[in-house]
Amino acid sequence: MSGFFGLPSNYSILLHKQIFELCYYGNGFTQEGVYRLPVHLRNFYYNQLVDAKEKENKSAEGKNRTTSSTRGPNVRVRK
């Protein structure tokens, strides 16, 4: 449902989620700086941050798979 000026009713939540994530995960962003960014720039930086974090996660998953498959020999120790 559209709210004020055609914005969705949860726009404020989405805006502050973007501000938080840019400040928390994006090194060097301040809350005031992100809040004052033009919408198209804030969305651009937010999308770039999301893409970078997804690539980091894929890279970390790939490293975890290779390290788990390169375990040592399966040796049983008798006691």
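The values are calculated or read from the model by the stated rules, or taken from the named source; none is laboratory data. Just so we're clear, the structure is a prediction, and the values are computed from it rather than from any experiment. Reconstructed Cβ throughout: ideal geometry from the backbone, glycine too, with neighbour counts over all protein chains shown.
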In region 26-44, anything under 18 Å from GLU56 (Cβ atoms) and in contact with a helix residue (DSSP H, G or I) (Cβ under 6 Å, 6 or more places away or on another chain) is listed as GLY26, PHE29
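Residues are listed down the side, and each one gets a yes or a no for (1) in a helix (DSSP H, G or I); (2) on the phi > 0 side of the Ramachandran plot; (3) more than 12 Å from the chain's Cα centre (by Cα); (4) modelled with pLDDT of 90 or more:
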position	(1), (2), (3), (4)
SER12	yes, no, yes, yes
HIS16	yes, no, yes, yes
PHE20	yes, no, no, yes
PHE29	no, no, yes, yes
VAL34	yes, no, yes, yes
PHE44	yes, no, yes, yes
ASN47	yes, no, no, yes
GLU56	yes, no, no, yes
Log entry, pairs with first residue in region 14-27 being over 15 Å from ASN47 (Cβ atoms), second being in a helix (DSSP H, G or I) and β-branched (Val, Ile, Thr), beta carbons closer than 8 Å, six or more apart or on different chains, reads CYS23/VAL34
